[in-house]
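Working notes for the structure below.
The values are calculated or read from the model by the stated rules, or taken from the named source; none is laboratory data. The structure displayed is predicted, hence computed values, not measured ones. Glycine also receives a Cβ, built like all others from the backbone with ideal geometry; neighbour counts cover every protein chain displayed. Surface accessibility is based on the protein's heavy atoms, side chains included, excluding ligands, DNA and RNA. Shrake-Rupley method; radii C 1.70, N 1.55, O 1.52, S 1.80 Å.
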Amino acid sequence: MTKQTNVHPPRGPSDHSVRDQVVDAATEHFGHFGYEKTTVSELAKSIGFSKSYIYKFFDSKQAIGEVICSNRLAMIMAIVNSAIAEAPSASEKLRRLFRALTEAGSDLFFHDRRLYDIAAVAARDKWPSAEAHEERLRQLIEDIIVEGRQSGEFERKTPLDEAAHAIYLVMRPYISPVQLQYNLETAPAAAALLSSLILRSLSP
């Protein structure tokens with residue numbers, strides 16, 4: 001009777017597990033020291049990996065930052081989607097959208113300032129995660145306009161893409177991480193006043 005042997009060598013940590021460890025450690029490290037002041041070598045040391053091992057999973061510090069930034073921006077979009085989900089009209093969706101974005105951005109600034117800085121770097125340097133977030137917001141604004149036009153709340157003469165882009169530009173100083181940090185004091189009032197101004201301009 002032949003003895004069966006295990007032909008597969010013992011498996012180490014899965015790629016997914018290692019990536020999660022790196023992201024978790026980087027989130028903590030960036031949150032404490034800031035993104036731009038942290039090196040990959042410091043991250044590797046904090047996890048107990050070699051720098052070259054981390055580079056097997058992420059090709060740069062920015063690639064790690066991208067994951068963290070995507071996670072944070074996804075949290076903001078989840079807050080926004082929850083805020084507008086039960087809105088009774090397109091007009092109210094637009095009001096809640098602006099309010100939720102400014103509140104979520106301000107909350108991140110005050111409670112996770114170092115991680116807020118990652119979002120600011122991402123927006124400044126046009127990281128794919130930041131660009132995708134902006135595109136989701138523009139699309140959401142466009143969808144709300146379409147809904148408002150279909151319900152008769154909004155005018156139909158202005159080209160859709162022009163109206164959506166104009167609204168995004170009005171909101172941008174209060175939702176872009178780069179600009180919001182300089183507009184925190186006026187953000188709550190801006191969310192109410194500017195959304196009212198936008199809605200008046202959209203009236204049929």
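Each residue in region 6-28 was checked for being modelled with pLDDT under 85 and among the acidic types (Asp, Glu), and 2 pass.
The C-beta contact set for region 44-58 (first residue within 18 Å of Glu28 (Cα to Cα) and of a type in the set (Lys, Arg), second residue part of a loop (DSSP other than H, G, I, E, B) and open to solvent by 50 Å² or more (accessible area, probe 1.4 Å), distance under 9 angstrom, 6+ apart or interchain) comprises Lys51/Thr39.
For region 96-107, the criterion of being under 12 Å from the mean Cα position of the chain (by Cα), over 26 Å from Gly34 (Cα atoms) and in a helix (DSSP H, G or I) is satisfied by no residue at all.
In this structure, is Ala78 open to solvent by less than 30 Å² (accessible area, probe 1.4 Å) and either at positive phi or assigned to a helix (DSSP H, G or I) (or both)? Criteria not met by Ala78.
Residue under question is Ala166, and the condition is that it be free of Cβ contacts under 8 Å to residues at least 24 places away in the same chain and farther than 20 Å from Ser89 by Cβ; does it hold? It is true that Ala166 is free of Cβ contacts under 8 Å to residues at least 24 places away in the same chain and farther than 20 Å from Ser89 by Cβ.
Surrounded by fewer than 19 Cβ atoms within 10 Å (Cβ to Cβ), farther than 22 Å from Arg19 by Cβ and either without any contact (Cβ under 8 Å) to a residue 40 or more places away in the chain or of a type outside the set (Val, Ile, Thr) (or both): does that describe Glu86?
Details: surrounded by fewer than 19 Cβ atoms within 10 Å (Cβ to Cβ): yes; farther than 22 Å from Arg19 by Cβ: yes; either without any contact (Cβ under 8 Å) to a residue 40 or more places away in the chain or of a type outside the set (Val, Ile, Thr) (or both): yes.
Here the answer is yes, as Glu86 does meet what is asked.
Only one of Phe98, Phe110 is closer than 14 Å to Ala187 by Cα and open to solvent by 40 Å² or more (accessible area, probe 1.4 Å); which? Residue meeting the stated conditions: Phe110.
Yes/no matrix, rows are residues, columns are (1) at pLDDT 85 or above; (2) crowded, with 18+ Cβ neighbours inside 10 Å; (3) of a type in the set (Lys, Arg); (4) under 25 Å from Ala104 (Cα atoms):
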| residue | (1), (2), (3), (4) |
| --- | --- |
| Gln4 | no, no, no, no |
| Phe30 | no, yes, no, yes |
| Ser52 | yes, no, no, no |
| Ile68 | yes, yes, no, yes |
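Looking at region 160-168, is at least one residue under 16 Å from Ala100 (Cβ atoms) and part of a helix (DSSP H, G or I)? There is at least one residue in region 160-168 that is under 16 Å from Ala100 (Cβ atoms) and part of a helix (DSSP H, G or I). Among the residues of region 122-139, just one is surrounded by fewer than 19 Cβ atoms within 10 Å (Cβ to Cβ) and of a type in the set (A, V, I, L, M), namely Ala132. Here is the figure for region 169-204: residues that are outside any helix (DSSP H, G or I), surrounded by fewer than 15 Cβ atoms within 10 Å (Cβ to Cβ) and within 19 Å of the chain's Cα centre (by Cα) total 2.
Of the residues making up region 108-129, those that are assigned to a loop (DSSP other than H, G, I, E, B) and acidic (Asp, Glu) number 2.
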